[in-house]
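A short worksheet on the structure shown next.
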Amino acid sequence: MPSKPLRKVLRSALSSILGEDFGNLPDREFYRPRFSPWEGFGEFKDVWAPVWPHTIVSADRVWLLHALAQQAYHLPGHFWECGVYKGGTAIMLASVAASVPGKQLHLFDTFSGMPDVNPAYDNCHVQGDFADTSLEAVRGRVGKGPHIFYHPGFIPDTFKGLESERIALVHVDVDIYQSAADCCAFIYPRLCGGGFMVFDDYGFPTCAGARAAVDQFFAGKPERVVVLPTGQAFVTKLP
C-alpha cells in the first residue's frame, strides 16, 4: 500500500485528470476530514442543543450514545444511566425514551459527588469529585415525567428492588473501579439480548479503574468489549 504522502499525490493527480475536487460531495461541510455527523448534521443539531450546557461528554460521544439509544428503543427493556452528574446526557435519553410508550429512564447518582475510591485503581479521582450538582437541579433539567425515575444514593445500594428489571441500554459514566464493577455485576444479567452497555470513560487515562473493572468482568464472557477512538467502549449482549 502506498504511503500517506504518496496516496495524497496520487489522489491529487487523479483529481486533476478527472477534474474532480470533491466539490459535489453531499454534505461536504461535515467531512472534517471524514464524515462527522456530531458536528451538527441533520437532527443531531437539535439533539445536542439542550445537552451541551450540562455535560462534559463531548459531542461525538453523545452522538454515539444517541444512535445506540435509537436502536435500543426497539427492545423491550428500559434505559438506565449510572453517573448522571448535571444531567446533560440524561436529557437526551429522556427524550428518546419518551418517544416509546412505556419506556422508562432510570437515573442513578449520588447527586452530591463521587463516593470513596479504590487507590489501587483510581489514582486520578478522590471522594467528592463532581459535587457541583444536585438532584433538584438535575430534575429541573431532565424533567419529572412519569417515565423518569431518580435513584439518589450509592451504587449498588440504589439497585435494590430492581432485580426483575429488563434493560435495553445503560450508559455507565461512573469513572471509578468499584462503581463500574458493581454496574457490570448487576446490569449484565438483566440486559436484553441485543441491548447495549456503553462505558463513557473506558479509554481515558483518568479513569483507568473503570477500564480495569470492565475488562475483568468481561474476561471469559462471550461478548467482546468494543473500544472506540472517542474514549468510549460498548458491549452488545448476545441473545
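Brief remarks follow.
- Which numbered condition residue 177 misses (of (1) closer than 24 Å to residue 71 by Cα; (2) in contact (Cβ under 8 Å) with a residue 60 or more places away in the chain; (3) not hydrophobic (A, V, I, L, M, F, W, C)): (1)
- The set of residues from segment 105-152 being outside any strand (DSSP E or B) and hydroxyl-bearing (Ser, Thr, Tyr) comprises 110, 112, 121, 133, 134.
- Among the residues of segment 116-137, not one is within 23 Å of residue 90 (Cβ to Cβ), buried (at least 18 other Cβ atoms within 10 Å of the Cβ) and among the charged types (D, E, K, R).
- Only one entry of 221, 144 meets the criterion of being modelled with pLDDT under 95, out of contact with any Ser or Thr (no Cβ under 7 Å at 6 or more places or on another chain) and more than 26 Å from residue 129 (Cβ to Cβ), and that entry is 144.
- The single condition from (1) more than 28 Å from residue 236 (Cβ to Cβ); (2) in a strand (DSSP E or B) that residue 53 fails is (2).
- Applying the set (1) assigned to a helix (DSSP H, G or I); (2) aromatic (Phe, Trp, Tyr); (3) surrounded by 23 or more Cβ atoms within 10 Å (Cβ to Cβ) to residue 186 leaves exactly one unmet item: (3).
- The condition (being among the β-branched types (Val, Ile, Thr), assigned by TED's automatic domain parsing to the domain that holds residue 190 and part of a loop (DSSP other than H, G, I, E, B)) is satisfied by just one residue among 62, 84: 84.
Every residue, every condition in (1) surrounded by fewer than 17 Cβ atoms within 10 Å (Cβ to Cβ); (2) under 20 Å from the mean Cα position of the chain (by Cα); (3) not basic (Lys, Arg), yes or no:
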| position | (1), (2), (3) |
| --- | --- |
| 157 | yes, no, yes |
| 168 | no, yes, yes |
| 177 | no, yes, yes |
| 195 | no, yes, yes |
| 201 | no, yes, yes |
| 211 | no, yes, no |
| 224 | yes, yes, no |
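- Of the residues making up segment 87-103, those that are farther than 12 Å from residue 69 by Cα and of a type outside the set (Gly, Ala, Ser) number 2.
The values are calculated or read from the model by the stated rules, or taken from the named source; none is laboratory data. Owing to the predicted nature of the structure, the values given are computational and were not obtained by experimental measurement. As a convention, Cβ positions derive from the backbone with ideal geometry for all residues, glycine included, and neighbour counts pool all protein chains shown.
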